[in-house]
Structure formats: C-alpha cells, structure tokens
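What follows is a single structure, written as structure tokens, with notes after it.
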Amino acid sequence: SIQQSDTTFSLLDVATPTGRLPGELEFRGANAFTVSSQTPVDPSDLRSALLRSTASEGSGKHRLMLWVHGFNNTPAEAVYRQVQIVQDIDHAGPAVSFVWPSAARASGYIHDRDSALYARDDLADLILSLDAAWSGELVVIAHSLGAFLTLEALGRLRLAGNSAPVIDSLLLLQPDIAPDVFEAQIRTAQPLAERSALITSQGDPV
C-alpha cells in the first residue's frame, strides 16, 4: 500500500483584484493576488475543511478540483494559478493545490524533475485521502512537470494494488514528458479515468 506521507494541509483564503479579465494573473503590484488568511488543517479534519471551502454545502453536489502545478513555480504562484482557473471557469466545489518543491527558477529543471519523482508517493497518498473524504467527483488538472508527476503517482497507485480509477476526470495540460516515457507511464497507470484529456501545443514533440 501507499505509505503515509508527510504532506501538510492548510485552508487558504485568497484575495483577488476586482475587474480582473479571464486569464489575467498578477504576482506583484497593486493587482496582485494575496493570501488573506491561512489556517492549518489536521488530516483527520480534511473532509470538514473541504466542505467549508465549497461555495455551497453538499459533498455530492460539486466536483473537487485537484491542481498539480508544473516547472518553475513558487508555492504562491502555484496556488494563485489555481485560484485564477477556479474563478475563470466559475468552479463552485473545493479546490486543492498539491504544492511540490519546485526550485522556482528557470535553471532548476533537473532539481524540479527530481522533486517531482520524490513527490509521487505524497501525491498518490493525497489522491487516496481526497477520494475517501469527498463523495462527489474528483477532477485532477496537471500542468507541465505536474503532468509527469501525476502519471507517476497514478502508476504508483496501480502498482500498489489499486486496480480501479480513483479519480473521475484527468486533464493533462502541455505535459513535460518525452513521448516514449509518456507511453510507458500510461501503460503503468491504466486504467485512466474515463474522462481523460491531453492538451498540447504545436511546439510539443509527437
């Protein structure tokens, strides 16, 4: 089975600027996103924290969005990007950011790739915890190296004996994965969620 991780949980309130256009995200200056409050959450209280974070009550009424950020992100940048997405698509359910230890610099790619591998058990653990705590749908959105990390975590779940999908939807945004590695990860992680999608750019290798 997946080993218990050292992941810590916090409930965040994030203030965003009024009049922001979809897709806009400022990290600095007068229009920057800011954390207005941060409350530690005990893992045993995960379900109640998820319920508190929904726009309306009811565990089965909304999708839970798990966001896995990509290469070169600070923790704040990772969280703010998810908040921007949540607002832009009018997501009403709880939103959880899995913040793994990026070096947060353009020259830190090797560090980030190693960190993604280091974090795969923690992400697998979190997916199981969220699946147990939330009776509604669980949607995972992963970007760049976060997609690599997510497929690694799903593969760990399969190798640990979890034969059925534990997430309902999977969206991989511009995954930073070599095509042959991607194919190997998919083979290990199968079966994927029935609703799975891959979004690439024209510059990505095929």
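FRET efficiency for residue 38 and residue 200, Cβ-Cβ distance as r, R0 = 25 Å, nearest 0.05? Efficiency computed from Cβ-Cβ geometry: 0.10.
When only alpha carbons of region 127-201 are considered, Rg and Dmax amount to 11.8, 35 Å.
Each other residue within a Cβ distance under 13 Å of residue 74 adds +1 if Lys or Arg and -1 if Asp or Glu, for a net charge of +1.
Helices of the chain meeting both criteria, an alpha-carbon length of 18 angstrom or more along the long axis and an average Kyte-Doolittle score not below -1.0, with helices taken as full DSSP H segments, are 75-88, 120-133, 145-159. Backbone phi angles across region 31-41, fed through the Karplus curve with coefficients 6.51, -1.76 and 1.60 (θ = phi - 60°), yield HN-Hα couplings of 9, 6, 5, 9, 7, 8, 7, 9, 10, x, 10 Hz in residue order; Gly and Pro are listed as x.
Computed over the chain, the per-residue total of -39500 (n - 2.57) for DSSP H runs of n ≥ 4 gives a 222 nm mean residue ellipticity of -10500 deg cm²/dmol, rounded to 500. Just the protein heavy atoms count here, and of the accessible area of the chain at 1.4 Å, carbon and sulfur take up 50 percent. With all protein chains kept in place, the per residue accessible area of the chain amounts to 53 square angstrom at a probe of 1.4 angstrom.
Across region 158-206, C-alpha contacts under 8 Å between residues 6 or more apart give a mean separation that, scaled by the residue count, equals a relative contact order of 53 percent. Shape class for region 57-143, computed from the alpha carbon gyration tensor (a ≥ b ≥ c): oblate, with a/c not under 1.5 and a/b at or below b/c. A Stokes-Einstein calculation at 4 °C with viscosity 1.567 mPa s, built on the Kirkwood radius of the chain over Cα pairs, returns a diffusion coefficient of 74 µm²/s. With contacts taken as Cα pairs under 8 Å and at least 6 residues apart, the chain reaches a relative contact order of 20 percent.
The values are calculated or read from the model by the stated rules, or taken from the named source; none is laboratory data. Since this is a predicted model, take the numbers as computed values, not measurements. In this analysis, Cβ positions are derived from the backbone assuming ideal geometry, glycine residues included, and neighbour counts consider all displayed protein chains. All accessible areas refer to the heavy atoms of the entire protein, side chains included, with ligands and DNA or RNA removed. Shrake-Rupley method; radii C 1.70, N 1.55, O 1.52, S 1.80 Å.
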